[in-house]
Amino acid sequence: MGDLLLIRHGETEWSASGQHTSRTDLPLTRRGEEQAKSLAPLLAGRSFALVLTSPLGRAVRTAELAGLSGAVVDPDLHEWEYGGYEGVTTVEIHRTRPDWGLWTDGAPPGPDGHAGESPGQVGERADGVLSRIAPVLSEGDVLLVAHGHFLRVLTARRLGLPPSDGRLFRLETGTLSRLSTEHGWPVIAEWNIRA
């Protein structure tokens with residue numbers, strides 16, 4: 001059984017400011033580009049049975065700068081759909097909804113077809129990705145380049161936990177993490193690794 005490696009894209013303006021960013025396709029900051037480049041030595045010498053990336057530019061660019069040529073775009077790797085909270089910080093949301101939490105309440109619909117997603121909906125999407133890559137993991141390592149909240153939900157689901165338990169796994173920008181197995185059980189082998 002291969003390992004499942006996860007890369008969260010490098011820093012963007014909104015990830016630095018704490019603004020919820022799903023569909024808004026912001027470029028990496030200079031720091032984000034450096035974070036992505038610094039991942040290349042961590043990946044050097046590794047071979048992957050499959051490399052998938054979110055379709056959003058910040059993830060695609062991170063994959064490129066990390067030296068991951070041939071990454072296949074998978075639309076299911078996009079970030080949690082924040083709907084009406086796109087571009088808004090948690091602090092701003094709490095001014096009108098003090099009890100709101102992404103991991104319990106999800107995101108409400110917003111304008112322009114931004115539907116918003118619940119934790120369960122993101123979990124279903126993560127389960128679909130995990131189901132599709134399961135046969136490939138029997139052949140070797142798989143690497144996903146995606147987004148913080150989505151990868152946290154995917155990690156929870158890989159460990160057999162509910163989607164809302166993704167809140168337990170803080171994931172920094174421009175980092176590499178590795179999910180593996182031990183005695184047949186899925187485990188977190190490494191988390192938030194930087195060069």
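Computed from the coordinates by the stated procedures, all read-outs in this text should not be read as laboratory data. A quick note: this is a predicted structure, and the numbers were derived from the prediction, not measured. Cβ: placed from backbone, ideal geometry, glycine included. Neighbour counts: every protein chain shown.
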Scan the range 133-164 for residues that are without any contact (Cβ under 8 Å) to a residue 40 or more places away in the chain and either surrounded by fewer than 19 Cβ atoms within 10 Å (Cβ to Cβ) or farther than 17 Å from GLY120 by Cα (or both) and jot them down. ALA134, PRO135, LEU159, GLY160, LEU161
Any idea how many residues of the range 143-185 are of a type in the set (Asp, Glu) and either over 19 Å from GLU117 (Cβ atoms) or out of contact with any helix residue (DSSP H, G or I) (no Cβ under 6 Å at 6 or more places or on another chain) (or both)? 2
Please pick out the residue among THR181, THR173 that is assigned to a strand (DSSP E or B), in contact (Cβ under 8 Å) with a residue 60 or more places away in the chain and not basic (Lys, Arg). THR181
Matching residues, the range 42-60, being touching a Gly at 6+ places or on another chain (Cβ under 9 Å) and more than 18 Å from VAL72 (Cα to Cα): ALA44
Of all residues in the range 17-30, count the ones that are surrounded by fewer than 23 Cβ atoms within 10 Å (Cβ to Cβ) and in contact (Cβ under 8 Å) with a residue 60 or more places away in the chain. 5
Tell me whether the range 104-113 contains one or more residues that are surrounded by 14 or more Cβ atoms within 10 Å (Cβ to Cβ) and touching a residue at least 40 places away in the same chain (Cβ under 8 Å). yes
So, in the range 1-15, of the ones that are in contact (Cβ under 8 Å) with a residue 24 or more places away in the chain and assigned to a helix (DSSP H, G or I), which residue ends up surrounded by the most Cβ atoms within 10 Å (Cβ to Cβ)? SER15
